Amino acid sequence: MATYTLPELPYDYAALEPVINPQIIELHHDKHHAAYVKGANDTLEQLEEARDKGVWGAINGLQKNLAFHLSGHILHSIYWHNMTGDGGGEPLAADGVGDLADAITESFGSFAGFKAQLTKAAATTQGSGWGVLAYEPVSGKLIVEQVYDHQGNVGQGSTPILVFDAWEHAFYLQYKNQKVDFIDAMWAVVNWQDVAKRYAAAKERADVLLLAP
């Protein structure tokens, strides 16, 4: 039995129009995300074979493949739930996400400052990658991370709670080479309820992520 499985989308392919068209959602989920799931499972099988045979010549490549495919699976699994056709705007206490709103203000000075930083981080990632809002357990604050490919340039122990996919497959069919336009449009579908739940969960388990001082 496979260790990892492709999660179902929480909405239909057309749910995020006009920000993301149905063709992109279908290809992105059913082909690209599915490929990361298969890649992670295949790599685990190859590592098991290496252990059984005691043949470790490919260990560096296998470990890199596992990190790439598994991180791709995890980030995409967050990505789908981070979006909703009824989303967008700014997180507000009136909508039940006041703790998240306060944390954003405390960590970035203002929502506008946070939005500008995450937008720039996602839009200027060299090559393929992500812009990520993460809970950092050492400081107890939120940070923005610029993730290259799927797994590089992140603080160890930080928990992603909002992710913007800036790989070309996420937008090219609709936005062509205008990555910035896609990132700007993404703010209209952010599911702040989902982000707030992830923030609360990350805070609750922060103490188990760190070594004792």
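For the reader, a short list of remarks on this structure follows.
- Largest to smallest accessible area among 100, 92 [probe 1.4 Å]: 92, 100
- Note that region 94-213 shows a convex hull volume over its alpha carbon atoms of 105 Å³ per residue.
- Projected onto their three principal axes, the Cα atoms of region 14-107 cover extents of 59, 36, 15 Å, largest first.
- Taking other residues whose beta carbon is less than 15 angstrom from the beta carbon of residue 166, and scoring Lys, Arg as +1 and Asp, Glu as -1, yields -3.
- In degrees, nearest ten, helix 59-81 long axis to first principal axis of the chain (Cα): 30 degrees
- For the pair residue 180 and residue 141, a Förster radius of 22 Å applied to the C-beta separation gives a FRET efficiency near 0.25, rounded to the nearest 0.05.
- Summed side-chain charge close to residue 118 - residues other than residue 118 whose Cβ falls under 12 Å, Lys, Arg +1, Asp, Glu -1: 0
- Only Lys, Arg (+1) and Asp, Glu (-1) charged, at Cβ; region 33-172 dipole about Cα centre in debye: 340 debye
- Over the residues of the chain, the helix contribution to mean residue ellipticity at 222 nm works out to -14500 deg cm²/dmol, using -39500 (n - 2.57) for each DSSP H run of at least 4.
- FRET efficiency estimate (nearest 0.05) - Cβ-Cβ, residue 60 to residue 17, R0 35 angstrom: 0.20
- At the listed q of 0.13, 0.16 Å⁻¹, the Debye profile of the chain, built from one uniform point per Cα, gives log10 I(q)/I(0) equal to -0.77, -1.13.
- Once the chain from residue 106 to residue 148 is taken as fully extended at 0.36 nm per residue, the excess over their C-alpha distance is 12.5 nm.
- Per-residue extension of 0.36 nm, minus the Cα-Cα distance of residue 2 and residue 204, leaves a gain of 69.7 nm for this segment.
- Between the C-alpha center of region 112-145 and that of region 40-97 there is a gap of 18 Å.
The values are calculated or read from the model by the stated rules, or taken from the named source; none is laboratory data. A quick note: this is a predicted structure, and the numbers were derived from the prediction, not measured. Neighbour counts are summed over all protein chains in view; Cβ atoms, including those assigned to glycine, are modelled from backbone coordinates with ideal geometry. Remember, those area values only see protein heavy atoms, side chains included, never the ligands or the DNA or RNA. Shrake-Rupley method; radii C 1.70, N 1.55, O 1.52, S 1.80 Å.
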